[in-house]
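Asker: Here it is, the structure, as C-alpha coordinates.
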Amino acid sequence: AQKITQTQPGMFVQEKEAVTLDCTYDTSDPSYGLFWYKQPSSGEMIFLIYQGSYDQQNATEGRYSLNFQKARKSANLVISASQLGDSAMYFCAMRVISNFGNEKLTFGTGTRLTIIP
Amino acid sequence: DAMVIQNPRYQVTQFGKPVTLSCSQTLNHNVMYWYQQKSSQAPKLLFHYYDKDFNNEADTPDNFQSRRPNTSFCFLDIRSPGLGDAAMYLCATTGTARDGYTFGSGTRLTVV
(Lines give C-alpha, C1' and ligand atoms only; values in the text may rest on other atoms or scores of the structure.)
Protein backbone atom coordinates (compact mmCIF):
# COMPACT_ATOMS: atom_id res chain seq x y z
CA ALA A 1 0.00 0.00 0.00
CA GLN A 2 1.12 3.53 -0.71
CA LYS A 3 0.94 5.74 2.33
CA ILE A 4 2.22 9.03 3.71
CA THR A 5 2.59 9.53 7.48
CA GLN A 6 3.04 12.80 9.34
CA THR A 7 3.31 12.19 13.06
CA GLN A 8 3.35 15.80 14.30
CA PRO A 9 -0.19 17.22 14.46
CA GLY A 10 1.11 20.58 15.65
CA MET A 11 4.34 22.41 16.33
CA PHE A 12 5.23 25.70 17.99
CA VAL A 13 8.53 27.30 17.02
CA GLN A 14 10.20 30.55 17.99
CA GLU A 15 10.62 33.05 15.19
CA LYS A 16 14.02 32.87 13.42
CA GLU A 17 14.64 29.31 14.55
CA ALA A 18 14.90 26.42 12.11
CA VAL A 19 12.13 23.84 12.10
CA THR A 20 11.92 20.28 10.82
CA LEU A 21 8.61 18.74 9.82
CA ASP A 22 8.61 14.95 9.65
CA CYS A 23 7.28 12.81 6.84
CA THR A 24 7.63 9.09 6.21
CA TYR A 25 6.24 7.20 3.28
CA ASP A 26 5.62 3.69 2.11
CA THR A 27 5.55 2.53 -1.49
CA SER A 28 6.69 -0.46 -3.50
CA ASP A 29 6.99 1.60 -6.66
CA PRO A 30 10.69 2.29 -7.43
CA SER A 31 9.77 5.56 -9.14
CA TYR A 32 7.93 8.11 -7.05
CA GLY A 33 7.90 11.78 -6.19
CA LEU A 34 7.55 13.55 -2.89
CA PHE A 35 6.10 17.03 -2.40
CA TRP A 36 5.57 19.50 0.37
CA TYR A 37 2.71 21.97 0.32
CA LYS A 38 1.83 24.89 2.55
CA GLN A 39 -1.79 25.68 3.25
CA PRO A 40 -2.48 28.99 5.02
CA SER A 41 -5.83 29.72 6.63
CA SER A 42 -7.08 31.08 3.30
CA GLY A 43 -7.15 27.49 2.06
CA GLU A 44 -5.04 27.52 -1.07
CA MET A 45 -2.34 24.90 -1.52
CA ILE A 46 1.07 26.40 -2.16
CA PHE A 47 3.74 24.16 -3.69
CA LEU A 48 7.03 24.38 -1.79
CA ILE A 49 9.45 21.70 -2.89
CA TYR A 50 9.79 18.44 -4.82
CA GLN A 51 12.08 15.42 -4.50
CA GLY A 52 12.24 12.63 -7.07
CA SER A 53 13.10 9.12 -5.96
CA TYR A 54 16.12 9.00 -8.26
CA ASP A 55 17.44 12.43 -7.38
CA GLN A 56 20.98 12.18 -6.04
CA GLN A 57 20.88 15.41 -4.08
CA ASN A 58 18.43 16.76 -1.57
CA ALA A 59 16.12 19.39 -2.99
CA THR A 60 16.40 23.01 -1.87
CA GLU A 61 14.23 26.04 -2.61
CA GLY A 62 15.23 29.20 -0.80
CA ARG A 63 14.60 28.70 2.91
CA TYR A 64 13.13 25.26 2.28
CA SER A 65 15.15 22.09 2.03
CA LEU A 66 14.15 18.47 1.95
CA ASN A 67 16.09 15.95 4.00
CA PHE A 68 15.58 12.86 1.84
CA GLN A 69 16.65 9.57 3.39
CA LYS A 70 15.61 6.93 0.91
CA ALA A 71 16.62 3.86 2.94
CA ARG A 72 14.58 5.11 5.88
CA LYS A 73 11.74 6.24 3.60
CA SER A 74 11.67 9.69 5.08
CA ALA A 75 11.37 13.11 3.46
CA ASN A 76 11.49 15.74 6.17
CA LEU A 77 11.00 19.41 5.37
CA VAL A 78 13.45 21.86 6.93
CA ILE A 79 12.56 25.54 7.11
CA SER A 80 15.47 27.75 8.02
CA ALA A 81 15.10 31.09 9.83
CA SER A 82 11.37 30.75 10.37
CA GLN A 83 9.12 33.79 9.91
CA LEU A 84 5.68 34.68 11.24
CA GLY A 85 4.30 34.16 7.74
CA ASP A 86 5.34 30.52 7.89
CA SER A 87 2.47 29.79 10.27
CA ALA A 88 0.24 27.43 8.31
CA MET A 89 -0.69 23.81 7.74
CA TYR A 90 2.00 21.78 5.98
CA PHE A 91 1.26 18.67 3.97
CA CYS A 92 3.64 16.04 2.73
CA ALA A 93 2.40 14.29 -0.40
CA MET A 94 3.48 11.48 -2.68
CA ARG A 95 2.84 10.97 -6.35
CA VAL A 96 1.51 7.48 -6.84
CA ILE A 97 0.24 5.56 -9.82
CA SER A 98 -3.51 5.01 -9.71
CA ASN A 99 -5.34 1.83 -10.64
CA PHE A 100 -6.02 3.45 -14.00
CA GLY A 101 -2.31 3.82 -14.70
CA ASN A 102 -2.40 7.57 -14.23
CA GLU A 103 -0.59 9.44 -11.55
CA LYS A 104 -2.24 11.11 -8.59
CA LEU A 105 -1.20 12.83 -5.41
CA THR A 106 -1.89 11.33 -2.00
CA PHE A 107 -1.48 13.43 1.15
CA GLY A 108 -0.40 12.95 4.73
CA THR A 109 -2.58 14.26 7.55
CA GLY A 110 -0.58 17.46 7.87
CA THR A 111 1.29 19.41 10.56
CA ARG A 112 0.02 22.73 11.84
CA LEU A 113 3.02 25.00 12.35
CA THR A 114 2.74 28.08 14.55
CA ILE A 115 5.59 30.58 14.67
CA ILE A 116 5.84 32.45 17.95
CA PRO A 117 7.14 36.05 17.92
CA ASP B 1 -1.41 35.52 -13.16
CA ALA B 2 -3.59 32.86 -11.55
CA MET B 3 -3.12 29.63 -13.48
CA VAL B 4 -5.87 27.57 -11.88
CA ILE B 5 -9.01 29.54 -11.13
CA GLN B 6 -11.89 28.28 -9.06
CA ASN B 7 -15.26 29.93 -8.85
CA PRO B 8 -16.90 30.81 -6.65
CA ARG B 9 -14.54 31.25 -3.72
CA TYR B 10 -17.38 30.65 -1.27
CA GLN B 11 -20.62 28.83 -2.02
CA VAL B 12 -23.62 28.39 0.22
CA THR B 13 -26.23 25.88 -0.90
CA GLN B 14 -29.35 24.39 0.58
CA PHE B 15 -29.57 20.80 1.69
CA GLY B 16 -30.52 18.72 -1.33
CA LYS B 17 -30.20 21.53 -3.87
CA PRO B 18 -27.83 20.73 -6.75
CA VAL B 19 -24.70 22.83 -6.90
CA THR B 20 -21.90 23.19 -9.44
CA LEU B 21 -18.36 24.30 -8.75
CA SER B 22 -16.10 25.36 -11.59
CA CYS B 23 -12.40 25.24 -12.31
CA SER B 24 -10.41 26.62 -15.21
CA GLN B 25 -6.73 26.43 -16.03
CA THR B 26 -4.48 28.41 -18.34
CA LEU B 27 -1.64 25.88 -18.28
CA ASN B 28 -3.02 23.62 -21.00
CA HIS B 29 -2.35 20.57 -18.85
CA ASN B 30 -3.90 17.23 -19.73
CA VAL B 31 -4.69 16.18 -16.20
CA MET B 32 -7.15 17.83 -13.84
CA TYR B 33 -8.06 16.70 -10.35
CA TRP B 34 -10.83 17.39 -7.86
CA TYR B 35 -10.06 17.03 -4.17
CA GLN B 36 -12.37 17.31 -1.17
CA GLN B 37 -10.88 18.62 2.06
CA LYS B 38 -12.95 18.57 5.22
CA SER B 39 -12.01 20.66 8.21
CA SER B 40 -8.63 19.71 9.73
CA GLN B 41 -8.21 16.79 7.34
CA ALA B 42 -5.98 15.98 4.40
CA PRO B 43 -7.29 16.54 0.89
CA LYS B 44 -8.97 13.46 -0.52
CA LEU B 45 -9.06 12.76 -4.23
CA LEU B 46 -12.57 12.46 -5.66
CA PHE B 47 -11.73 11.93 -9.35
CA HIS B 48 -9.44 13.06 -12.09
CA TYR B 49 -9.39 13.48 -15.83
CA TYR B 50 -6.60 12.48 -18.14
CA ASP B 51 -7.62 14.40 -21.24
CA LYS B 52 -11.25 13.34 -21.58
CA ASP B 53 -10.79 10.06 -19.74
CA PHE B 54 -12.66 10.21 -16.47
CA ASN B 55 -11.25 8.29 -13.49
CA ASN B 56 -13.44 7.93 -10.44
CA GLU B 57 -11.97 6.96 -7.07
CA ALA B 58 -13.57 3.80 -5.72
CA ASP B 59 -14.95 5.48 -2.61
CA THR B 60 -16.31 8.63 -4.25
CA PRO B 61 -20.07 8.79 -3.65
CA ASP B 62 -22.39 8.70 -6.65
CA ASN B 63 -23.69 12.07 -5.49
CA PHE B 64 -20.56 13.61 -6.99
CA GLN B 65 -20.22 13.97 -10.74
CA SER B 66 -17.82 15.81 -12.98
CA ARG B 67 -17.69 17.24 -16.49
CA ARG B 68 -14.79 18.38 -18.59
CA PRO B 69 -16.07 20.04 -21.77
CA ASN B 70 -12.58 21.08 -22.93
CA THR B 71 -8.96 21.17 -21.78
CA SER B 72 -9.40 24.41 -19.87
CA PHE B 73 -12.54 23.80 -17.86
CA CYS B 74 -13.70 21.20 -15.37
CA PHE B 75 -16.87 21.17 -13.27
CA LEU B 76 -17.84 19.41 -10.07
CA ASP B 77 -21.54 18.70 -9.69
CA ILE B 78 -23.04 17.69 -6.38
CA ARG B 79 -26.48 16.37 -7.17
CA SER B 80 -28.01 16.42 -3.68
CA PRO B 81 -25.69 18.05 -1.16
CA GLY B 82 -25.85 16.80 2.39
CA LEU B 83 -24.49 18.41 5.53
CA GLY B 84 -21.53 16.04 5.33
CA ASP B 85 -20.52 17.50 1.99
CA ALA B 86 -19.55 20.81 3.52
CA ALA B 87 -15.86 21.14 2.77
CA MET B 88 -13.20 22.91 0.79
CA TYR B 89 -13.08 21.67 -2.80
CA LEU B 90 -9.74 21.98 -4.51
CA CYS B 91 -9.02 21.71 -8.21
CA ALA B 92 -5.50 20.95 -9.43
CA THR B 93 -3.53 20.29 -12.58
CA THR B 94 -0.09 18.85 -13.20
CA GLY B 95 2.53 19.24 -15.86
CA THR B 96 6.02 17.97 -15.17
CA ALA B 97 6.68 16.48 -11.76
CA ARG B 98 9.14 19.20 -10.80
CA ASP B 99 6.56 21.88 -11.45
CA GLY B 100 4.41 20.34 -8.80
CA TYR B 101 0.68 20.06 -8.88
CA THR B 102 -0.84 23.52 -9.24
CA PHE B 103 -3.91 24.07 -7.10
CA GLY B 104 -6.62 26.66 -7.35
CA SER B 105 -7.63 28.76 -4.37
CA GLY B 106 -10.46 26.37 -3.62
CA THR B 107 -14.20 26.73 -3.15
CA ARG B 108 -15.45 26.54 0.40
CA LEU B 109 -18.87 24.93 0.33
CA THR B 110 -21.39 25.42 3.11
CA VAL B 111 -24.61 23.38 3.20
CA VAL B 112 -27.52 24.86 5.14
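Asker: Restricting the search to the stretch A:1-45, which residues are of a type in the set (A, V, I, L, M) and either free of Cβ contacts under 8 Å to residues at least 24 places away in the same chain or part of a loop (DSSP other than H, G, I, E, B) (or both)?
Answerer: Residues satisfying the conditions are A:1, A:18, A:45.
Asker: Assuming residue A:84 fulfils every condition listed in (1) hydrophobic (A, V, I, L, M, F, W, C); (2) buried (at least 20 other Cβ atoms within 10 Å of the Cβ); (3) at pLDDT 95 or above apart from one, which condition is it?
Answerer: Residue A:84 satisfies all of (1) hydrophobic (A, V, I, L, M, F, W, C); (2) buried (at least 20 other Cβ atoms within 10 Å of the Cβ); (3) at pLDDT 95 or above except (2).
Asker: Any idea how many residues of the stretch B:59-112 are polar (S, T, N, Q), buried (at least 17 other Cβ atoms within 10 Å of the Cβ) and at the interface with another protein chain (Cβ under 10 Å from one of its Cβ atoms)?
Answerer: Selection size over the stretch B:59-112: 4.
Asker: Does residue B:42 satisfy being of a type in the set (A, V, I, L, M), out of contact with any strand residue (DSSP E or B) (no Cβ under 7 Å at 6 or more places or on another chain) and closer than 23 Å to residue A:93 by Cα?
Answerer: no
Asker: Let me ask something else. Residue pairs, Cβ under 9 Å, 6 or more apart or interchain, first in the stretch A:54-78 and in contact (Cβ under 8 Å) with a residue 60 or more places away in the chain, second surrounded by 16 or more Cβ atoms within 10 Å (Cβ to Cβ) and among the aromatic types (Phe, Trp, Tyr). List them.
Answerer: Pairs found: A:78/A:64.
Asker: Are any residues in the stretch A:46-70 part of a strand (DSSP E or B), over 15 Å from residue A:91 (Cβ atoms) and in contact with a Gly (Cβ under 8 Å, 6 or more places away or on another chain), and if so, which ones?
Answerer: A:52, the sole residue that qualifies.
Asker: So, one more: Taking the criterion of being at positive phi and either away from chain B (no Cβ under 14 Å) or surrounded by fewer than 17 Cβ atoms within 10 Å (Cβ to Cβ) (or both), would at least one residue in the stretch A:7-29 satisfy it? I'd like the intermediate steps shown before the answer.
Answerer: We begin by selecting, within the stretch A:7-29, every residue at positive phi; these are A:16.
Still in the running and either away from chain B (no Cβ under 14 Å) or surrounded by fewer than 17 Cβ atoms within 10 Å (Cβ to Cβ) (or both): A:16.
Yes, the conditions are met somewhere in the stretch A:7-29.
Asker: Just to be sure I understand, how many residues within the stretch A:78-109 are within 14 Å of another protein chain (Cβ to nearest Cβ) and either out of contact with any Phe, Trp or Tyr (no Cβ under 7 Å at 6 or more places or on another chain) or not in a loop (DSSP other than H, G, I, E, B) (or both)?
Answerer: Total meeting the criteria: 20.
For (1) over 26 Å from residue A:36 (Cβ atoms); (2) in contact (Cβ under 8 Å) with a residue 40 or more places away in the chain; (3) not in a loop (DSSP other than H, G, I, E, B), each residue gets a yes or a no:
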| position | (1), (2), (3) |
| --- | --- |
| B:5 | no, yes, yes |
| B:20 | yes, yes, yes |
| B:23 | no, yes, yes |
| B:27 | no, yes, no |
| B:36 | no, yes, yes |
| B:69 | yes, no, no |
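The values are calculated or read from the model by the stated rules, or taken from the named source; none is laboratory data. Just so it is clear, the model here is predicted, and its values are computed rather than measured. Please note: Cβ atoms are built from the backbone with ideal geometry, for glycine as well, and neighbour counts cover all protein chains shown.
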